[in-house]
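Participant: One structure coming up, written as structure tokens, with questions to follow.
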Amino acid sequence: MSNPLHDYLFAPHEERTETLLHLPGGDVLTHADFAARAAKMAGALTDHGLRPGDRLACQIRKSADALALYAASVRAGLVLVPLNTAYTAAEIAYFVSDAQAAMLICDPGDTEALAPVAAAADTRLMTLGPDGSGALAEATSSAEPIAPVARAGTDLAAFLYTSGTTGRSKGAMLSQDNLLSNARALTDAWRFTADDVLIHALPIFHTHGLFVAVNITLAGGGAMIWLPTFRADTVLAAMPLATTMMGVPTFYTRLLAEPGLTRNATAHMRLFVSGSAPMLPETHRQWTDRTGFRILERYGMTETNMIASNPYDGDRRPGTVGLPLPGVDLRICQPGTADPVREGETGMIEVRGPNVFRGYWRMPEKTAAELRKDGWFVTGDLGRRDADGYLSIVGREKDLVISGGFNIYPQEVEEVLNGLPGVLESAVVGVPHADMGEGLVAVVVPDGDTPPDLSALRDAAAERLARFKQPRVYVIAAELPRNTMGKVQKAELRKRHANAFSS
Ligand code: MCA
Ligand code: AMP
């Protein structure tokens with residue numbers, strides 16, 4: 001009887017008394033204490049009726065117990081559905097009901113807002129706070145530990161919701177094997193061992209923070225400096241105790257603004273990894289000038305885990321995301337076809353391998369549109385490979401904005417704005433933003449002679465959309481530029497509003 005993900009990530013460390021987590025305030029949690037907590041939490045979840053294969057949704061703050069919930073979910077054979085802490089109750093309602101979650105776990109402070117959401121979806125609600133509070137924390141303390149539940153590699157371990165260019169958010173179904181194969185490839189590629197101490201300042205509701213950073217630290221048997229959020233000064237202060245850091249480009253640009261970022265400050269580190277959004281070659285160069293390190297940039301997606309990485313040994317090339325990881329097949333096709341482009345030409349990046357997800361939950365048409373029958377997944381990213389095989393991402397065919405590493409699908413924001421009084425139509429675009437990479441601009445066309453009240457638009461957006469999805473700049477326009485087919489010309493809007501955040 002085995003549970004492959006548990007056996008690879010957690011089982012080897014269950015008896016070890018070395019530190020797994022360095023917590024804020026100076027406390028530490030050992031691998032053994034963490035494993036014991038997770039085994040009891042798995043017991044508590046089972047006591048509350050969860051069975052293997054059940055979806056366990058959570059919107060909780062980052063803490064040691066939040067990480068134990070991941071381990072408990074793997075141990076009990078559940079399908080974890082982690083949700084962004086910035087989501088509004090309206091957004092959570094969709095995910096919980098779409099996933100048919102058996103249980104929703106929330107912060108104790110959110111009970112009032114989320115109890116009706118859970119009731120409407122016929123989902124049990126439990127609470128888990130960052131400070132040991134909450135009904136699940138209490139139930140864990142008194143529960144009996146359970147043994148790991150048997151699972152096959154093809155069994156699902158998680159759903160991560162990703163928005164789409166059309167329609168509703170899609171639950172990307174990730175199997176144990178999807179996570180396992182990528183954890184193995186990355187641990188090896190980036191040389192993670194028990195000597196590593198990773199600065200972990202990412203959120204743990206996305207692939208980057210949870211499956212990349214956590215899984216490979218666990219697989220290597222090392223430790224993490226477990227920070228609730230990213231703060232440049234705290235991260236800088238942690239570097240003398242750490243060996244590695246993973247982050248989105250905003251982490252690096254914010255650290256570069258710290259005068260304390262020097263060769264001395266980074267002398268104990270061995271590796272800096274960046275991903276989730278493009279890093280400007282200029283940021284790479286500035287980082288090398290200040291620290292002597294070359295940032296290792298890699299590329300991935302929720303549906304595929306990590307796809308390509310610059311090499312650990314060898315040339316790390318700014319402006320590229322490196323070479324496909326071992327076991328991952330990559331090809332570049334003429335968009336809309338399965339025909340590869342000629343060498344060096346730009347086309348649609350397609351990916352195949354054990355890392356590629358098992359489809360979108362209850363959306364067979366959407367799955368068929370993006371995941372070909374022969375296993376190739378159409379990423380929506382446009383790329384080119386150079387003569388040495390290095391991949392550069394040169395654009396996106398999908399209408400997507402990446403702000404501070406969070407994805408925003410303009411259509412979702414436009415739908416909210418278009419439904420508001422005084423708005424005939426709208427177009428939302430991402431334009432350069434020094435801190436977040438891209439920032440959101442909404443171009444709004446009034447439906448009469450009186451322009452809509454912008455503060456009312458902001459308030460309405462705030463009610464329906466997580467803060468990071470809310471446009472920061474609103475512009476009123478008489479009409480939207482369209483091509484001869486009637487399609488809004490977003491490139492033209494991006495050009496017109498390119499300086500929205502630079503003045
Ligand atoms: C916070 N805000 C944002 C963002 N984050 N707005 C737009 N985009 C964001 N990413 C809001 C805050 O609510 C706040 O609102 C205002 O912007 C400024 O907040 P600030 O304190 O400056 O921001 P922060 O809290 O320091 O957060 C910035 C951050 C954070 C540290 C860059 O967004 C972050 O941790 N990003 C990482 C995202 C990530 O893990 N992505 C991986 C997913 P107000 O105006 O009300 O004050 S992608 C993935 O997993 C794929 C597979 C991959 O390849 O990795
Ligand atoms: P998500 O769907 O949230 O998993 O975001 C994945 C998307 O982030 C990819 O399809 C890319 O567009 C983008 N992405 C991730 N890493 C990089 C990178 N290093 N450079 C450019 N874009 C990236």
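Participant: Leaving ligands, DNA and RNA out of it, report the carbon-plus-sulfur percent of the accessible area of the range 1-157 at a 1.4 Å probe.
Facilitator: 52
Participant: Moving on to the next point. Please turn the phi angles of the range 31-37 into ³J(HN,Hα) values with the Karplus equation 6.51 cos²θ - 1.76 cosθ + 1.60 (θ = phi - 60°), one per residue in order, whole Hz, x for glycine and proline.
Facilitator: Per-residue couplings from phi come out as 4, 5, 5, 5, 4, 5, 5 Hz.
Participant: If you roll a 1.4 angstrom probe over the protein chains with everything in place, what fraction of the accessible area of the range 402-503 belongs to carbon and sulfur, to the nearest %?
Facilitator: Ligands and nucleic acids excluded, carbon and sulfur give 50 percent.
Participant: So, counting K/R as plus one and D/E as minus one, what does the shell of residues with Cβ under 13 Å around Gly404 add up to?
Facilitator: +2
Participant: Turning to a different aspect of this structure: Under 12 Å from the Cβ of Ser142, count the other residues' Cβ atoms, weight Lys and Arg +1, Asp and Glu -1, and hand me the total.
Facilitator: Summing Lys and Arg as +1 and Asp and Glu as -1 gives -2.
Participant: Starting from the Cα of Glu144, step 7 Å along the direction of its Cβ; do the same at Arg231; then give the gap between the two resulting points in nm.
Facilitator: Placing both labels 7 Å along Cα→Cβ, they lie 4.4 nm apart.
Participant: Restricting to the chain, compute how many DSSP beta bridges are antiparallel as a %, nearest 5.
Facilitator: 60
Participant: Separate question: What residues have an amide H closer than 5 Å to that of Val423, excluding those fewer than 5 places away on the same chain, when H is modeled at 1.01 Å from N in the peptide plane?
Facilitator: Residues meeting the criterion, in which the H sits 1.01 Å from N, are Asp447.
Participant: Exactly which chymotrypsin sites (Phe, Trp or Tyr not before Pro) in the range 453-502 are in a DSSP loop and have at most 11 other Cβ atoms within 10 Å?
Facilitator: Taking the range 453-502 and a limit of 11 other Cβ atoms within 10 Å, no loop chymotrypsin sites (Phe, Trp or Tyr not before Pro) are found.
Participant: Then there's this: Give the range of the longest stretch in the chain that excludes all GluC sites (Glu not before Pro) found in loop regions by DSSP and having at most 15 other beta-carbon atoms within 10 Å. All intermediate terms of the calculation are to be shown ahead of the outcome.
Facilitator: On the way: sites that count: Glu14, Glu15, Glu18, Glu343, Glu345, Glu479.
Of all site-free stretches, the longest is 19-342.
Participant: How do 324-334, 245-255 rank on mean C-beta neighbours within 10 Å, highest first?
Facilitator: Taking the mean over residues of other Cβ atoms within 10 Å, the ranking is 245-255, 324-334.
Participant: Another question, if that's okay. Relative contact order for the range 263-325: what is it in percent, counting Cα pairs under 8 Å that are at least 6 residues apart? Provide the component values of the computation, followed by the final result.
Facilitator: Details: 96 pairs, mean separation 18.6, N = 63.
Once divided by the residue count of the range 263-325, the mean separation gives 29 percent.
Participant: Would you calculate, for the chain, the mean residue ellipticity at 222 nm contributed by helices, counting each DSSP H stretch of 4 or more residues as -39,500 (n - 2.57) and dividing by all residues, to the nearest 500? Present the calculation step by step, with values, prior to reporting the outcome.
Facilitator: Working: 15 runs with 143 residues, N = 503.
Theoretical 222 nm ellipticity from helices: -8000 deg cm²/dmol.
Participant: Next up: Of the trypsin sites (Lys or Arg not before Pro) in the range 463-503, which ones lie in a loop per DSSP and count no more than 12 other C-beta atoms within 10 Å?
Facilitator: When the trypsin sites (Lys or Arg not before Pro) of the range 463-503 are filtered for loop state and at most 12 Cβ neighbours within 10 Å, Lys487 remain.
Participant: What FRET efficiency comes out for the pair Val394/Ala115, r = Cβ-Cβ distance, R0 = 41 Å, nearest 0.05?
Facilitator: 0.30
Participant: Which distance in nm do the two modelled labels at Glu463 and Asp386 give, with both placed 7 Å along the Cα-to-Cβ direction?
Facilitator: 5.2
Participant: Just to check I understand the Karplus step: with θ = phi - 60° and J = 6.51 cos²θ - 1.76 cosθ + 1.60, what whole-Hz values come out for the range 6-12, glycine and proline as x?
Facilitator: Whole-Hz 3J(HN,Hα) from phi for the range 6-12: 4, 5, 8, 8, 10, 3, x.
Participant: Can you pull out the trypsin sites (Lys or Arg not before Pro) in the range 367-447 whose DSSP state is coil and whose Cβ has at most 10 other Cβ atoms within 10 Å?
Facilitator: Taking the range 367-447 and a limit of 10 other Cβ atoms within 10 Å, the loop trypsin sites (Lys or Arg not before Pro) found are Lys373.
Participant: Please list 3J(HN,Hα) in residue order for the range 360-368, calculated via the Karplus relation 6.51 cos²θ - 1.76 cosθ + 1.60 where θ = phi - 60°; whole Hz, with x for glycine and proline.
Facilitator: Going residue by residue, I get 8, 4, 6, 9, x, 5, 5, 4, 5 Hz, with x marking Gly and Pro.
Participant: Please give every one of the lysines within straight-line cross-link reach of Lys490, meaning a C-alpha to C-alpha distance under 16 Å, and leave out same-chain neighbours fewer than 8 residues apart.
Facilitator: Qualifying lysines at Cα under 16 Å: Lys398.
Participant: Among Leu67, Phe377, Ala478, whose Cα lies farthest out toward the positive end of the dipole of the chain, if unit charges sit on the beta carbon of Lys, Arg (+1) and Asp, Glu (-1)?
Facilitator: Phe377
Participant: Run the quick spin-label model on Asp449 and Ser133: label points 7 Å from Cα toward the beta carbon, then report their separation in nm to one decimal.
Facilitator: Computed distance between label sites Asp449 and Ser133 equals 5.5 nm.
Participant: May I ask you to give the solvent-accessible area per residue for the chain, in square angstrom, as obtained with a 1.4 angstrom probe?
Facilitator: Counting only protein heavy atoms, the per-residue value for the chain is 41 Å².
Participant: Quick check on my link table: of Lys373/Lys495; Lys40/Lys366; Lys40/Lys62; Lys40/Lys469; Lys469/Lys495, which ones sit more than 30 Å apart, alpha carbon to alpha carbon?
Facilitator: Over 30 Å Cα-Cα: Lys373/Lys495; Lys40/Lys366; Lys40/Lys469.
Participant: Cβ under 13 Å from Gly389's Cβ, Gly389 left aside: what net charge do those residues give with Lys, Arg +1 and Asp, Glu -1?
Facilitator: That sum, taken over residues with Cβ under 13 Å, equals -1.
Participant: If I take R0 = 35 Å and measure r between the Cβ atoms of Ala456 and Arg372 in this structure, what FRET efficiency does the formula 1/(1 + (r/R0)^6) give, to the nearest 0.05?
Facilitator: So the FRET efficiency works out to roughly 0.20.
The values are calculated or read from the model by the stated rules, or taken from the named source; none is laboratory data. In this text the structure is predicted, and so the values were computed from the model without any measurement. Note: ideal-geometry Cβ built from the backbone for every residue, glycine included; neighbour counts use all protein chains shown. In case anyone asks, the SASA skips ligands and DNA or RNA and just uses the protein heavy atoms, side chains included. Shrake-Rupley method; radii C 1.70, N 1.55, O 1.52, S 1.80 Å.
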